[in-house]
1. Out of (1) in a helix (DSSP H, G or I); (2) in contact with a Ser or Thr (Cβ under 7 Å, 6 or more places away or on another chain), what's the single condition that is false for A374?
2. Here is a check on your reading of the model: is D279 among the charged types (D, E, K, R), surrounded by fewer than 19 Cβ atoms within 10 Å (Cβ to Cβ) and under 23 Å from H409 (Cβ atoms)?
3. All but one of (1) surrounded by fewer than 17 Cβ atoms within 10 Å (Cβ to Cβ); (2) part of a helix (DSSP H, G or I); (3) in contact (Cβ under 8 Å) with a residue 40 or more places away in the chain hold for E297; state the number of the condition that does not hold.
4. Which residues, counting only those in the range 584-628, are farther than 23 Å from S406 by Cβ, out of contact with any Leu (no Cβ under 9 Å at 6 or more places or on another chain) and either hydrophobic (A, V, I, L, M, F, W, C) or modelled with pLDDT under 95 (or both)?
5. Looking at the range 332-351, I want the residues that are over 13 Å from Y309 (Cβ atoms) and have a partner that is acidic (D, E) with Cβ atoms under 6 Å, at least 6 apart or on another chain. Which pairs are those?
6. Could you tell me whether V358 is in a strand (DSSP E or B), more than 17 Å from L651 (Cα to Cα) and touching a residue at least 12 places away in the same chain (Cβ under 8 Å)?
Amino acid sequence: MNRRERRRQAKQQNKKPGRASGNPQGNPQAGIHYRQGLERDRAGDVAGAVEAFGEAVAIEPGYADAWMEMGLVFNRLNRLDDALEALRRAVMADPHSALAFYNFGCVLERAGHADKALDVFAEAARLKANFVEAHHAQAGARKRLNDFDGAVKDYRAAIDAAGAVGRDFAPAHAALANTLRELGHTDEAHEEFARAIALDPGNAGLRVKAALVLPVIPESAEAIDAARAAFADNVAALRAEGIRLTDPYTEAGVTNFYLAYHDRDDRPLQVAVAAMFLDACPGLAWTAPHCEGTLKEKKRLKIGVCSAYMRGHTLGKLTLGLLKTLSRNRFEVVLFRLVGSGAEDEVSAAIDAASDQVVRVPMELEAARNMIAAEAPDILFYPDIGMDPFTYFLAFARLAPVQVTSWGHPDTTGIPNLDYFLSCRGIETEGSSDQYSETLACLKDPPTYYYKPDAPSRTFTRADFGLPEQGALYLCPQTLFKIHPEFDGVLGEILERDPAGHLVLIDDPFGGHWRDLLMRRFEKSFPESAGRVRFVAKMPLQDFFGLLLCADAVLDLPTFSGGNSSIEAFSLGAPIVAWPGRFARGRVTAAYYRQMGVEDLIASGREEYVDLALRLAGDESHRNEMKARILENSQKLFENTAMIRELEGFLIKAYESRRKGNKPVRWP
């Protein structure tokens, strides 16, 4: 690998295939065609390059470099099957070429074959001592396979390999830092970010990533406040410095996801971060041509929908019914499906079928903006903003006259070009609008047309989940980072007052790193009872339903309540103890209860919450009564046509207000 290619790979964080050495062997005529292919490729004539490389391998079928270069051209053309075949031929032609294996692995991973890529990268690292890029790529493949401990090990191997050959390799430090951040090891992440920045001080995106690190499992409420203060200071410093970014998605690629779990008003911080990104890259606020000038009066509006989670994910389930049931007399529904955002499944197929048109959009900001603008949507609906970096940065652009986000990630965005935050009156409180940078639009009911899921086909027992046969089970089925430090005392009090009871939590997907951090906190918060906290592995949906039915009491969180999980629980009649918090994100379960007209298990404070949980778990007749009432009324949560009609009215009025040049509408 020549010096030029090493620099190029480092610049691209070593995620792209490397080039061949260009030293042809064998038949001279094949070498002439090979060099012609390189020249045509450099000149931008990719078709001519493929033809020339094809001539080379036709003359000399074992010409590894020609196969390799052909594969790299196919890769850039997104002809992944052709690229894989060419690179397979390259490694067969030269099984001792570490670079051939490395390139093959890069395209395998891009094509979604991380398991095969892992083996290929390992072979590249075996063939060439201190092959930094191979170790680095191997770590990335492990992350995609959810082997985070292995990824940490391989990133450290890349760092060691770079040191052995006297190279500075900031990307490995940065990737290690990001992985440690995901695992919840905030202090170690800061240290690795500092090392990466020291090696690459001009990398503004790297500095943004470091500035926006937040703890996943905070040690305490005081730690939350300290982290938020540091976060605010970091953002202010970057703005004052005047950093510049060309493409914030590829250079920074982070959102402020964990702010929403702090039980604090996030609007000031979200607005500050959005302003920082706009200062650093004014082009983020690009405006599509059809959004300029006078808008036309229309009888049928085109609504575009864009999310990275339009599949068998919470967001896919919450959105499917909306797409399927919006009036086709008044709306044309276009789904902007993000290519590479996740595996397609039954839900994604149903979402595609429910849309009038599906436009496959690459996860490249400029290309995506142009493709969406070419469809000229009147309304662009983002079901969530803040979970996925690509849609976060895409939403800065004005791609439709009216742009709406909603409760898929129930937090304000701070993004000026997002006009409305779609919520409901059961979730919001008086004064909630002050917590949003968007105009708050409140429907009567939660904005979902949800299809009732099938109940489990068999009966589950505690033994199916490895849970104790004796003692009440208090199930909190939320992701571990939702459990706020200020709620620890409530959980401890429940276990203290029920000395035979067990708290059941869903384990994390990161090999127990989050679990270990949470248990350390529990051992400080309620040391006498922490031994009765049980973790069960993440499970298929039908098993999860069985777990809900095994629980004696399901516990909601006032700081970040269940949404999808709560509506699924109610479909089975599983009673949940709810305690609506200060913000919309802590009030969803209570809103479902009010929609059903069943409010017995909504607590007004800590003492009542604990009492309700203990009674539900300890009084079987009361629990059965609650189950029966929930089942009797749960149909009110599903296939809510009245909500669809109200949503349509809001969308039409929002477009008309924009067309007439008026201020955003207040709804209701």
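The values are calculated or read from the model by the stated rules, or taken from the named source; none is laboratory data. Small disclaimer: the values here were computed from a predicted structure and weren't measured. Positions of Cβ are generated from backbone atoms using ideal geometry, with glycine treated the same way; all protein chains shown enter the neighbour counts. These accessible areas exclude ligands, DNA and RNA; they are computed on the full protein's heavy atoms, side chains included. Shrake-Rupley method; radii C 1.70, N 1.55, O 1.52, S 1.80 Å.
1. Here A374 clears every test but (2).
2. Taking the combined requirement at face value, the residue does not satisfy it.
3. Against the list (1) surrounded by fewer than 17 Cβ atoms within 10 Å (Cβ to Cβ); (2) part of a helix (DSSP H, G or I); (3) in contact (Cβ under 8 Å) with a residue 40 or more places away in the chain, E297 comes up short only on (2).
4. V598, V610, L614, A628 - these are the residues of the range 584-628 that are farther than 23 Å from S406 by Cβ, out of contact with any Leu (no Cβ under 9 Å at 6 or more places or on another chain) and either hydrophobic (A, V, I, L, M, F, W, C) or modelled with pLDDT under 95 (or both).
5. Partner pairs satisfying both residue conditions: E332/D356; V333/D356; V334/E375.
6. Here the answer is yes, as V358 does meet what is asked.
Yes/no per residue for (1) within 17 Å of L278 (Cβ to Cβ); (2) out of contact with any Pro (no Cβ under 6 Å at 6 or more places or on another chain); (3) among the aliphatic types (A, V, I, L, M):
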residue: A196; (1), (2), (3): no, yes, yes
residue: P201; (1), (2), (3): no, yes, no
residue: A204; (1), (2), (3): yes, yes, yes
residue: L214; (1), (2), (3): no, yes, yes
residue: D225; (1), (2), (3): no, yes, no
residue: F231; (1), (2), (3): no, yes, no
residue: A236; (1), (2), (3): yes, yes, yes
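Rundown of residues vs (1) touching a helix residue (DSSP H, G or I) at 6+ places or on another chain (Cβ under 6 Å); (2) over 21 Å from A551 (Cα atoms), yes/no style:
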position: G426; (1), (2): yes, yes
position: T429; (1), (2): no, yes
position: T439; (1), (2): no, yes
position: A463; (1), (2): no, no
position: T479; (1), (2): no, no
position: H484; (1), (2): no, yes
position: F487; (1), (2): no, no
